[in-house]
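Below you'll find the structure, written out as structure tokens, and then a few comments.
Please treat every number below as a calculation from the coordinates, not as lab data. These numbers were taken from a predicted model, which means no experiment stands behind them. So basically every Cβ, Gly included, is an ideal-geometry build from the backbone, and we count neighbours across all protein chains shown.
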Amino acid sequence: MSIHRLRRWESAGLLRAQRDDLGTRRFDDDTVRVVTFVAMARDLGFGLDEIASLVPDYAAGRLGIDELVSRLHRRITAIDAEIATLQQQRRRVVDHVAWFEARRPTPTKETR
């Protein structure tokens, strides 16, 4: 985990690091658990705002499996919508390639 990412998550209020006498960040086991949760959620494509709404309940042990599964199902739906949008865009690009290819001048004997 990069220090930049940890600092960003800390400034976003997702984490709280303890500081020693020299100001060095120290993460206790509970914070490491939250870091793991946030990293997993980011890896699955959840935004920081949604993660921030879950962290307090997760850290307190109140985030249940039903809520997590529900959020994951919503994420699957969002991913499916993104895939559909990209597939439509891909079809349009392929159509444009075909349109341009059909208008490509054919080489004549003189230009070969």
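Plugging the Kirkwood radius over Cα pairs into Stokes-Einstein for the chain, at a temperature of 37 °C and a viscosity of 0.692 mPa s, what D comes out in µm²/s? Numbers along the way, then the final one.
Values: Rh = 18.1 Å.
Rounded to a whole number, D works out at 182 µm²/s.
What FRET efficiency, computed as 1/(1 + (r/R0)^6) with R0 = 25 Å and r the Cβ-Cβ distance, is obtained for Arg91 and Met40, rounded to the nearest 0.05?
Details: r = 33 Å, r/R0 = 1.34.
Calculated transfer efficiency: 0.15.
If you plug each phi of segment 52-64 into the Karplus form 6.51 cos²θ - 1.76 cosθ + 1.60 with θ = phi - 60°, what whole-Hz ³J(HN,Hα) values come out, in order, with x for Gly and Pro?
Going residue by residue, I get 4, 6, 9, 4, x, 5, 5, 4, 8, x, 9, 7, x Hz, with x marking Gly and Pro.
If I model a spin label as a point 7 Å beyond the Cα along the Cα-Cβ vector, how far apart are those points for Glu110 and Leu63 in nm?
About 7.1 nm separates the two model spin labels.
How high is the relative contact order of segment 1-63? Use alpha-carbon pairs under 8 Å, at least six apart in sequence, and give a whole percent.
It rounds to 23 percent for segment 1-63.
Could you derive backbone 3J(HN,Hα) for segment 26-36 from the dihedral phi with the Karplus parameters 6.51, -1.76 and 1.60 (θ = phi - 60°), listing whole Hz in sequence and x where the residue is Gly or Pro?
Karplus-based 3J(HN,Hα) across segment 26-36 equals 10, 10, 7, 4, 5, 5, 4, 4, 5, 4, 4 Hz.
Based on the Cα coordinates of segment 64-105, what is the per residue volume of their convex hull in Å³?
Values: hull volume 1.2 nm³, N = 42.
Considering the Cα atoms of segment 64-105, their hull volume per residue is 29 Å³.
Evaluate 2.2 N^0.38 Å with N set to the residue count of segment 1-63, then give the Cα radius of gyration divided by it. Could you put the intermediate results ahead of the total?
Details: Rg = 11.6 Å, N = 63, 2.2 N^0.38 = 10.6 Å.
Here the Cα radius of gyration is 1.09 times the empirical estimate.
Can you give me the Kirkwood hydrodynamic radius for segment 30-86, using every pair of distinct Cα atoms, in Å to one decimal? Please report the intermediate quantities before stating the final value.
Numbers: mean 1/r = 0.0830 Å⁻¹.
Every distinct Cα pair counted, the radius reaches 12.1 Å.
With the contact rule set at Cα under 8 Å and sequence spacing of 6 or more, what percent relative contact order holds for the chain?
Numbers: 36 pairs, mean separation 15.3, N = 112.
This gives 14 percent for the chain.
In nm, give the distance between the simple-model label positions of Trp99 and Thr77, each being 7 Å from the Cα along the Cα-to-Cβ direction.
Here the answer is 3.4 nm between the modelled labels.
Treat every Asp and Glu Cβ in the chain as -1 and every Lys and Arg Cβ as +1, leave all other atoms uncharged, and give the resulting dipole magnitude about the Cα centre to the nearest 20 debye. All intermediate terms of the calculation are to be shown ahead of the outcome.
Numbers: 20 positive and 17 negative charges, 156 e Å.
Charge dipole of the chain: 740 debye, to the nearest 20.
May I ask which residue of Gly64, Ala78, Val97 lies farthest towards the positive end of the charge dipole of the chain, with charges of +1 (Lys, Arg) and -1 (Asp, Glu) on Cβ and the Cα centre as origin?
Val97
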